[in-house]
Amino acid sequence: MAGILTISLDFELILGKLDKPGWQRFETVCETERRVVFDGLMSLFSEFDVSATWCTVGHLFLDQCRRQTGSPSSSHHSHAGPCFPLDPCSNEQTAPLYYGKDLIDRLIACPTPQEIGCHTYSHVMYGDPKCTEAIAERETAKCVQLAEERGLKLRSFVFPRNRVGHLPVLARHGFAVYRGPSPRWFDQPETPRLLRKIGHLADIFTARTPPAVEATPSVDGLVNLPASMLFTPAFGMRRFVPVWLRVLRARRGLREAVKQGKVFHLWFHPTDLAVRPEAMLQGLRQVLETADELRRAGELAILPMGAFAPLESPALVQSRYLPARAVEAW
Ligand SMILES: [Zn+2]
């Protein structure tokens, strides 16, 4: 029984940061994400034949917007009002941090098929009690509509800040798979923020083996593919975490998944690699080298989240995402 590596990305540029105090300091990081990290990831995924899942904020499907149509949400979050704190249309310099149509084009054209999934339309936390079903409905519908205009059928969903909510809305819109929180004790919704941080740091600095996970049926026919490990961001306090610790943990996660015949679900934001991008991309390369060795030995398949959709036959998955040998291993 082979293990599986799944890589999912929360793809949002600046749109995932607008509700944080001092979000402006992320502008430079997001510029590097756009200019350096995106290219780096595309070449790594092509070189190593990795179909990753890019759960994308719907606003990135656009190349422009107007204030009235910028967001379909009501103002339950500072950034989800009629538009964003800065009107992206009126500032040429920062506009590329709000729009990603050119990047979506490149994901679609990637020689190794990349799966595009959903991360809401404007980065609304569905698990927040202030997010009503109506808001979740509008956010989901808008993202699905923009994807359909590009000929994309979205199957996979990642919740902003991993706060799960409004699953029936996702099912109604044809989603099949979502990324739930990791099974680690500190990642449970009820864990206080401070304990959560301490738990994460302890795992990082002891290089604790990330859990191997399994796709499990959830409500309304959805499948939950929990996270195993966040490829630790390189900004804030976590910039002091050496890259090799991330590599060590990820390699342990891969081997654990192989040992148990389960999934190592690695996730991150491209932004997370945008401080010291060369070193961070090099770290990810080392992880993919190990994954590739295991795959060559017939012990690992690399599959996107959408491959866990219950209605997908391996043949359909193959035609949509995968080189033949990955499906054989699966
Ligand atoms: Zn996000």
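What follows draws every value from the coordinates through simple rules; no lab data is involved. Since the model is a prediction, treat every value here as computed from it, not as a measurement. Cβ coordinates were reconstructed from backbone atoms using ideal geometry, including for glycine residues, and neighbour counts include every protein chain displayed.
Both radii were evaluated on the Cα set of segment 3-329; the Rg over Rh quotient, with Rh as the Kirkwood radius, amounts to 0.93.
Highest mean first, the peptides 199-209, 290-300, 112-122 sorted by other C-beta atoms within 10 Å per residue fall in the order 112-122, 290-300, 199-209. For the pair segment 1-69 / segment 269-298, the C-alpha centres are spaced 16 Å from each other. Annotation: extensible slack from GLU92 through GLU149 equals 18.0 nm (criterion: 0.36 nm per residue apart, minus Cα-Cα distance). Applying 1/(1 + (r/R0)^6) with r as the Cβ-Cβ distance of LYS20 and ARG296 and R0 = 35 angstrom yields a FRET efficiency of 0.25. Between ALA227 and GLY180, SER182, the built amide H atoms are under 5 Å apart, and every one of these is 5 or more places off in sequence or on another chain. 3J(HN,Hα) couplings calculated from phi for segment 229-235 with the Karplus curve 6.51 cos²θ - 1.76 cosθ + 1.60 (θ = phi - 60°) are, in sequence order, 7, 8, 6, 3, x, 9, 10 Hz; Gly and Pro show x.
The lysines within cross-link reach of LYS153, meaning a Cα-to-Cα straight distance under 17 Å and a gap of 8 or more places when in the same chain, are LYS101, LYS142.
Amide H to amide H distances under 5 Å link ARG163 with GLY127, where only residues 5 or more positions off or on other chains count and H is placed in the peptide plane. Taking each DSSP H run with n ≥ 4 as -39500 (n - 2.57) and averaging over every residue of the chain yields -10500 deg cm²/dmol at 222 nm. Per-peptide packing, taken as the mean over residues of other Cβ atoms within 10 Å, places 242-255, 143-156 in the sequence 242-255, 143-156 from highest down. Available extension along the chain between ARG208 and CYS110 is 31.9 nm, counting 0.36 nm per residue and deducting the alpha carbon span. Summing +1 for each Lys or Arg and -1 for each Asp or Glu, what net charge is found among the other residues whose Cβ lies under 12 Å from the Cβ of PRO96? My count for the surroundings of PRO96 gives -3. Normalising the average separation of contacting C-alpha pairs (under 8 angstrom, six or more residues apart) by the number of residues puts the relative contact order of the chain at 26 percent. Excluding same-chain neighbours fewer than eight residues apart, the aspartates and glutamates reachable from LYS130 by a Cα-Cα span under 19 Å are ASP19, GLU139, GLU190. Using only alpha carbons, segment 123-257 has a radius of gyration to Kirkwood radius ratio (Rg to Rh) of 1.01. Bridge orientation summary for the chain: considering DSSP beta bridges with both residues in this region, about 10 percent are antiparallel. Our estimate of slack between SER46 and LYS101, defined as 0.36 nm per intervening residue step minus the Cα-Cα distance, is 17.8 nm.
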